[in-house]
Amino acid sequence: MAEHPAYPVGLRLTGRRVVVLGGGQVAQRRLPALIAAGADIRLVSPEATPSVEAMADTGEITWERRPYTEGDLAGAWYVLIATSDAEAAEAASAEAERHRVWCVRSDDADRATAWTPATGHSEGVTVAVLTTDARHRDPRHTAAIRDAVVEGLRDGTLVAPHRRTRTPGIALVGGGPGDPDLITVRGRRLLAEADVVIADRLGPRDLLAELPPHVEVIDAAKIPYGRFMAQEAINNALIEHAKQGKAVVRLKGGDPFVFGRGMEEAQALAEAGIACTVVPGISSSVSVPGAAGIPVTHRGVAHEFTVVSGHVAPDDERSLVDWPSLAKLTGTLVILMGVDKIGKIAEALVAHGKSPDTPVALVQEGTTAAQRRVDATLATVGEVAVAQEVRPPAVIVVGEVVAVGPHGTV
């Protein structure tokens, strides 16, 4: 058998019985894919890891808590032998051979009738890499090839042209807090397939340099208190390019729906009858404090966190924020777009009962090479922000979590 290569094939297991012997780490790794394939899974094992037991508790698999016995493979289409009981493994393997059931053995691949490939997934495509020659089997090399192909598909460095007709549409992509590595896998793939990218200043700008020359990049930068592209103009640009049948990505910083006007754009597209896909992004409200060593929640310190916009001062009639109520909360307050208003915000919080000694951190250019953290208190943050020349974009964190260091000191 070793003189001939293995024949690769995809098994359609929906509703078909699969028997798994052993509930240890191997089964824990293999079961999720079998569940996703829709298989009728029967686990036979006296014991199981907590994760495998949870699969049984939720009804994803049927668990018979006992050792293997002859006849357990009756009606099976596929069997995975992942037991440490060598005698049971041999007996089950022999039963599978008699009943012509394809059998994978984690203990002895050479004695198996089927091998499990190293698999990965990217947008509806499964990549399976299999060493067909048993004499040169190297699982690490196989997995490395799998990882390289999947990563290339995900980040756009390996592009396979689509042979189907492209449907006009828009993708509102959250680019994350700034570090290009923090965009989602789906967001990066859509960027690689785009004909037009309409990008914000706060999006991961480094990714634009990776786009092919034919991609049109439109600057929708909204520089605070300076030049900006009106929202209506952005909406019109999205609609115009989509109607031309182009693949358009609206690249935004953070998450499109967290102070990103993403819903305004989605509504404008809906009114124009244009399909819109929303790709969530990592919000700076959580990621930037984390990058600066600040947990927005911490056991025994903060059981909740609140995110507010600080672009309007507390005494401005346009403000929709209930600052008196926020001052009474004991958790963490995260303020976005509030650098130039932080003095008035701090005064309002203190006036409504917040301790002036409450720690405050301002994290500028979070997750990028230019990141810096400036610490203060509510009593001093207005002056400190000016003296330290803190500039947008910056995330402001108010609360005792600011003083929680990497060693747990408060």
**Message:** Conditions first: (1) of a type in the set (S, T, N, Q); (2) within 36 Å of the chain's Cα centre (by Cα); (3) assigned to a helix (DSSP H, G or I). SER93 passes all but one, so which condition is the exception?
**Reply:** (2)
**Asked** Among the residues of segment 387-398, which ones are in contact (Cβ under 8 Å) with a residue 12 or more places away in the chain and surrounded by fewer than 17 Cβ atoms within 10 Å (Cβ to Cβ)?
**Response** GLN388, ARG391
**Request:** For GLU60, indicate whether it is farther than 23 Å from ALA112 by Cβ, in a helix (DSSP H, G or I) and not aliphatic (A, V, I, L, M).
**Result:** no
**Prompt:** List pairs: first in segment 250-263 and within 15 Å of SER287 (Cα to Cα) and not assigned by TED's automatic domain parsing to the domain that holds PRO177, second surrounded by fewer than 24 Cβ atoms within 10 Å (Cβ to Cβ) and of a type in the set (A, V, I, L, M), Cβ under 9 Å, 6+ apart or cross-chain?
**Reply:** none
**Prompt:** Among (1) closer than 30 Å to VAL402 by Cα; (2) part of a helix (DSSP H, G or I); (3) outside the structural domain of ARG373 (by TED's automatic domain parsing), which single condition is ALA270 missing?
**Reply:** (1)
**Residue under evaluation SER319, criteria (1) part of a loop (DSSP other than H, G, I, E, B); (2) closer than 24 Å to ILE183 by Cβ; (3) more than 18 Å from the chain's Cα centre (by Cα), criterion not met** = (2)
**Request:** Filter segment 13-22 for residues that are assigned to a loop (DSSP other than H, G, I, E, B) and either of a type in the set (Val, Ile, Thr) or at pLDDT below 95 (or both) and give the result.
**Result:** THR14
**Request:** Specify the residue that is surrounded by the most Cβ atoms within 10 Å (Cβ to Cβ); the eligible residues are those in segment 347-372 that are under 20 Å from GLY331 (Cβ atoms) and of a type in the set (D, E, K, R).
**Result:** LYS354
**Prompt:** Of all residues in segment 40-53, which are farther than 19 Å from GLU95 by Cβ, surrounded by 13 or more Cβ atoms within 10 Å (Cβ to Cβ) and either in contact with a Leu (Cβ under 8 Å, 6 or more places away or on another chain) or not charged (D, E, K, R) (or both)?
**Reply:** ALA48, THR49, SER51, VAL52
**Message:** So SER325 ticks every box in (1) polar (S, T, N, Q); (2) part of a helix (DSSP H, G or I); (3) surrounded by 17 or more Cβ atoms within 10 Å (Cβ to Cβ) but one. Which box is left unticked?
**Reply:** (3)
**Message:** Regarding segment 309-332, can at least one residue be identified that is charged (D, E, K, R) and closer than 16 Å to ALA394 by Cα?
**Reply:** no
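Each row is one residue, and each column tells you yes or no for (1) surrounded by fewer than 19 Cβ atoms within 10 Å (Cβ to Cβ); (2) out of contact with any strand residue (DSSP E or B) (no Cβ under 6 Å at 6 or more places or on another chain); (3) among the small types (Gly, Ala, Ser).
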position: LEU238; (1), (2), (3): no, no, no
position: ARG250; (1), (2), (3): no, no, no
position: ASP255; (1), (2), (3): no, no, no
position: CYS276; (1), (2), (3): no, no, no
position: VAL288; (1), (2), (3): no, no, no
position: HIS311; (1), (2), (3): yes, yes, no
position: PRO314; (1), (2), (3): no, yes, no
position: THR330; (1), (2), (3): yes, yes, no
position: ILE345; (1), (2), (3): no, yes, no
**Fill in**
Over segment 358-394, the set of residues part of a loop (DSSP other than H, G, I, E, B) and among the hydroxyl-bearing types (Ser, Thr, Tyr) is THR358, THR367, THR368, THR380
**Prompt:** Could we say that GLY59 is in contact (Cβ under 8 Å) with a residue 40 or more places away in the chain and on the phi > 0 side of the Ramachandran plot here?
**Reply:** no
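The values are calculated or read from the model by the stated rules, or taken from the named source; none is laboratory data. On a predicted model such as this, the values are computed, not experimentally measured, just so you know. Positions of Cβ are generated from backbone atoms using ideal geometry, with glycine treated the same way; all protein chains shown enter the neighbour counts.
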